[in-house]
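For reference, the structure discussed in these notes is given below.
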Amino acid sequence: RAAGVDPYPPGFARTNGCGSVRAAHAGLAPDRATGEQVAVAGRIVLLRDHGKLWFATLRDWSGDLQVMLTKEVLDDWASTVDIGDHVGVTGEVITTRRGEVSVRAHTWTLTAKCLHPLPDKHRGLAGEALVRQRHLDLIVNSSARELLRVRSVAVHAVRTTLVERGFLEVETPILQRIHGGANARPFRTHINAYDLPLYLRIAPELYLKRLAVGGVESVFELGRDFRNEGADATHNPEFTMLEAYQAYADYTVMRTLTRDLIIAAARAAYGRPVARRGDVEVDLDGEWPVIPVHGAVSTALGEEIDPGTSLDRLRTLAHAAAVPVDPGWGRGALVLEMYERLVEEHTVTPTFYTDFPTDVSPLTRAHRDDPRLAERWDLVAFGMELGTAYTELIDPVEQRRRLTEQSLRAAGGDPEAMELDEDFLRALEFAMPPTGGMGMGIDRLVMLLTGRSIRETLPFPLVKPR
């Protein structure tokens, strides 16, 4: 400012992205001048002083581009510009003697002054610092920018696939008077205008089902859910969830839909149906195994169990497998615990585990061939659950009985049990058509595609105060 330079001007008219200039001239021979004039802008991430010749690397979202400044245009460059600053450059596209696509600057202007030095390989960011200062992570690490890109195109692919299949996207309340749609501990809040306690939603399910009753036959929501539970490599208290419902479908139809959505996201991210684990690509094409839960647990135990196995026998097998047992658990809860510890955590290939016990699936239709089971599956890959789907329970009498049972558990102190939602139950009494429903964690989807933890795939995960 003292030199009469505005360090934060209102704009710069650029004609090209840095990456697009490089891509358009990728095959150009060394030491060539194209005559093409461009205006590019970006952050300086590298500076080299060769006396009467300076080289700077500009970075924008599209990529990096080298800029060459001769003594005719240097002016007060050395005293004005530092690594981290944003500059705009106009000039001719050339290649250097080494074949590097560059812009030979005719003019340059400072577009935003950086007041702090950027991290480098000697003073880099790591661990918690990456999460707390995501802006710096994105500036210096191409992998962070790639994660953000993958997340964006994956979400777009999921949304586009559903819309192209006739699904209607909707938004349902995040502030809710009753928490339901999943077994989880909710966040509590209060609305001053009505002096009412409220919850942040743990799932949009019960509202989406009311839309299904109203005739919205194919519906979905992509939105934020909140669960007041632990935070680790696969969980964040605030997360993005997809839920979709389709009339006259069942959990088998939703299985195909879910696989198609994941394949579409993978193709959007990488151009082919793969997930990445470091430098290794895992092929997601082909059919994914479909395994009944009791069969999977039997294989893990080395002992046969089925829906009729006694509670005492299940407890004995759980103790032998070092699976913790709560004295208050019934057979379904015990089978579910063994499944989560012995099966889910050890599954690598994307696998659908089907037909869970009815008593741990309160919103799911009983299996058409065995009422002890529910028409439900969980999709698991690389040791984590990616999504779940049901043939939805549409019988209002049976749904009332199950939610009443849940509400009694909630009244007894179970923080994860669902409350009785009379508005939902009354809506169900107006007849909901046979429906298949699915839910998939978008954060988990990105984790599947990239092999990274949830804290890396979220731009701003929740962190403790310093």
Practice problem: State which residue is surrounded by the most Cβ atoms within 10 Å (Cβ to Cβ) when the search covers only region 281-331 and only residues that are among the β-branched types (Val, Ile, Thr) and in contact with a strand residue (DSSP E or B) (Cβ under 9 Å, 6 or more places away or on another chain). | Solution: 293
Quiz item: If we keep just the residues of region 324-357 that are touching a residue at least 60 places away in the same chain (Cβ under 8 Å) and in a loop (DSSP other than H, G, I, E, B), which is farthest from residue 406 (Cα to Cα)?
Solution: 349
Quiz prompt | strands (runs of 3 or more DSSP E) (entirely within region 1-89) containing at least 3 residues that are surrounded by fewer than 16 Cβ atoms within 10 Å (Cβ to Cβ) and in contact with a Phe, Trp or Tyr (Cβ under 9 Å, 6 or more places away or on another chain) | solution = 33-49
Exercise. Answer yes or no as to whether residue 313 is at pLDDT 95 or above, under 25 Å from residue 233 (Cβ atoms), in a helix (DSSP H, G or I) and among the basic types (Lys, Arg).
Key: no
Practice problem: State all residues of region 215-231 that are out of contact with any Leu (no Cβ under 8 Å at 6 or more places or on another chain) and in contact (Cβ under 8 Å) with a residue 60 or more places away in the chain; if no residue qualifies, say none. | Solution: 217
Practice problem: Go through (1) within 25 Å of residue 400 (Cα to Cα); (2) out of contact with any strand residue (DSSP E or B) (no Cβ under 7 Å at 6 or more places or on another chain); (3) modelled with pLDDT under 95 one by one and return the number of the condition residue 207 breaks. | Solution: (3)
Self-check item: Residue within region 163-177 that is modelled with pLDDT under 95 and either of a type in the set (Lys, Arg) or under 27 Å from residue 265 (Cβ atoms) (or both) present
Solution: yes
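Identify, from the list 443, 359, the residue that is under 20 Å from residue 223 (Cβ atoms), among the charged types (D, E, K, R), surrounded by 16 or more Cβ atoms within 10 Å (Cβ to Cβ) and in contact with a helix residue (DSSP H, G or I) (Cβ under 6 Å, 6 or more places away or on another chain).
Numbers: 359 fails: under 20 Å from residue 223 (Cβ atoms).
Just a single option satisfies the conditions, and that option is 443.
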Exercise. Might you let me know whether region 275-286 holds any residue that is small (Gly, Ala, Ser) and within 19 Å of residue 356 (Cβ to Cβ)?
Key: no
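From the list 462, 449, which residue is in a helix (DSSP H, G or I) and over 22 Å from residue 331 (Cα atoms)? Working first, answer last.
Working: 462 fails: in a helix (DSSP H, G or I).
Residue meeting the stated conditions: 449.
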Quiz item: If you check 427, 411, 389, which single one turns out to be among the aliphatic types (A, V, I, L, M), surrounded by fewer than 21 Cβ atoms within 10 Å (Cβ to Cβ) and closer than 16 Å to residue 205 by Cβ?
Solution: 427
Quiz item: Which ones in region 257-277 are free of Cβ contacts under 8 Å to residues at least 12 places away in the same chain and either under 18 Å from residue 382 (Cβ atoms) or surrounded by 21 or more Cβ atoms within 10 Å (Cβ to Cβ) (or both)?
Solution: 274
Quiz prompt | strands (runs of 3 or more DSSP E) (entirely within region 150-237) containing at least 2 residues that are surrounded by fewer than 16 Cβ atoms within 10 Å (Cβ to Cβ) | solution = 187-191, 196-200
Quiz prompt | Restricting region 349-383 to residues that are modelled with pLDDT of 95 or more and aliphatic (A, V, I, L, M), the residue that is farthest from residue 288 (Cα to Cα) | solution = 366
Practice problem: Scan region 72-101 for residues that are of a type in the set (D, E, K, R), touching an Asp or Glu at 6+ places or on another chain (Cβ under 7 Å) and over 18 Å from residue 50 (Cα atoms) and report the count. | Solution: 1
Quiz item: Among (1) free of Cβ contacts under 8 Å to residues at least 40 places away in the same chain; (2) in contact with a strand residue (DSSP E or B) (Cβ under 9 Å, 6 or more places away or on another chain); (3) closer than 19 Å to residue 214 by Cα, which single condition is residue 398 missing?
Solution: (3)
Quiz item: residue 243: in contact with a Lys or Arg (Cβ under 6 Å, 6 or more places away or on another chain) and not hydrophobic (A, V, I, L, M, F, W, C), yes or no?
Solution: no
Quiz item: Going by the conditions given, is residue 217 at pLDDT 95 or above, acidic (Asp, Glu) and under 22 Å from the mean Cα position of the chain (by Cα)?
Solution: no
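The values are calculated or read from the model by the stated rules, or taken from the named source; none is laboratory data. The structure presented is a predicted model; accordingly, all values stated were derived computationally and were not measured. All Cβ positions, glycine included, derive from the backbone under ideal geometry; neighbour counts span all protein chains shown.
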